[in-house]
Amino acid sequence: MSDTKAVRAIFLDRDGTLNADSGYVAEPDDVRLEDNAAEGAAALEHAGFALVITSNQSGIARGFLTEVQADEVDARVQALLRERGVTITASYRCPHLPEGSVSRYAVECDCRKPKPGMLLRAARDLGIDLSRSWTVGDGARDVEAGLAAGTKTVRITRDPAETGDGLRNFCASDLAAAARIITARE
């Protein structure tokens, strides 16, 4: 696949980036979008990026929610974004946690961020050019996974002292601010 035809993507963490992180969200009615999340996602989609959610969901391995409940929460996040004109291209989740209480998910894996497995799988599945893509999330694990996969990154943080390195890693107060950083560099 040539570079001009490869997809550019934004890998978005879910909790704390798209929806408010209120713990282990198990009910669709508990989903609330983060301030400016829809606006930022819309700007990135308008700029030609595919939007791909990559989310650690250790609550499944901990027994706090099931995969069916996680699917329902994912669907609610996507529905709220769709109501605001935003389309999520794909969604990937890691349900694993080695010390989890649900044996089926209590395993070491390559998909749990900070490992880049989810991003690499999405790149294979969707024809994504990782060198032309970005990872946005509210945790160090998101940034580490993005950098390990070969993307540039933006960390959502409320700490004005955090600035990133200004080369491959940036910081922003919310997804709309992240979108401004990304589109200014593309």
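Every number here is computed from the coordinates shown, using simple stated rules; none is lab data. Just so it is clear, the model here is predicted, and its values are computed rather than measured. FYI the Cβ positions are ideal-geometry reconstructions off the backbone, even for glycines, and counts take in every protein chain you see.
Would you mind checking which residues have amide H under 5 Å from Leu33's amide H? H placed 1.01 Å from N; only 5 or more apart, or other chain.
Hits under the 5 Å cutoff: Ala20.
Please list, ordered by chain and number, the residues whose modelled amide H lies under 5 Å from the amide H of Arg93; skip anything fewer than 5 residues away on the same chain.
Under 5 Å from the amide H of Arg93 lie the amide H atoms of Ser55, each far enough along the sequence or on another chain.
Express as a percent, rounded to the nearest 5, the fraction of DSSP beta bridges in region 57-173 (both residues included) that run antiparallel.
Values: 1 of 9 bridges.
In region 57-173, DSSP labels about 10 percent of beta bridges as antiparallel.
Summing +1 for each Lys or Arg and -1 for each Asp or Glu, what net charge is found among the other residues whose Cβ lies under 10 Å from the Cβ of Lys113?
Numbers: positive: Arg112, Lys115, Arg141; negative: Asp13, Asp142, Glu144.
Charge balance in the 10 Å sphere: 0.
Using only the Cα atoms, work out Rg/Rh for the chain, with Rh taken as the Kirkwood radius, to two decimals. List each step's numbers first, then the result.
On the way: Rg = 15.5 Å, Rh = 16.3 Å.
Result: Rg/Rh = 0.95.
Within a Cβ distance under 10 Å of Ala38, other residues only, what is the Lys/Arg minus Asp/Glu net charge?
Values: positive: Arg82, Arg84; negative: Glu34, Asp35, Glu39, Glu83.
For residues surrounding Ala38, the net value is -2.
Sum up the charges of everything whose Cβ sits under 13 Å from the Cβ of Ala149, counting Lys and Arg as +1 and Asp and Glu as -1, but leave Ala149 out. Walk me through the intermediate numbers first.
Working: positive: Lys113, Lys115, Arg121, Arg124, Arg132, Arg141, Lys152, Arg168; negative: Asp110, Asp129, Asp142, Glu144.
With Lys, Arg at +1 and Asp, Glu at -1, the neighbours total +4.
Can you pull the three principal axis extents for the Cα set of region 103-186, in Å, largest first?
Cα extents, longest axis first: 40, 29, 19 Å.
Report relative contact order for region 9-184 in percent, whole number only (criteria: Cα-Cα under 8 Å, sequence separation at least 6).
Working: 353 pairs, mean separation 42.6, N = 176.
Value for region 9-184: 24 percent.
Can you find, among Leu119, Ala38, Ser58, the residue farthest towards the positive end of the dipole of region 9-184? Put +1 on the C-beta of Lys and Arg, -1 on that of Asp and Glu.
Result: Leu119, furthest along the dipole toward the positive end.
Placing +1 at every Lys and Arg Cβ and -1 at every Asp and Glu Cβ, with all other atoms neutral, what dipole size does the chain have around its Cα centre, in debye to the nearest 20? Working shown, then result.
On the way: 23 positive and 29 negative charges, 125 e Å.
For the chain, the charge dipole is close to 600 debye.
Restricting to Cα pairs below 8 Å that are 6+ residues apart, what does the relative contact order work out to for region 23-84? Please round to a whole percent. Mind showing how you got there, number by number?
Values: 33 pairs, mean separation 35.0, N = 62.
Relative contact order of region 23-84: 56 percent.
Quickly estimate the mean residue ellipticity at 222 nm for the chain, helices only: each DSSP H run with n ≥ 4 gives -39500 (n - 2.57), and the total goes over all residues, rounded to 500.
On the way: 6 runs with 62 residues, N = 186.
Helices in the chain give a 222 nm mean residue ellipticity of -10000 deg cm²/dmol.
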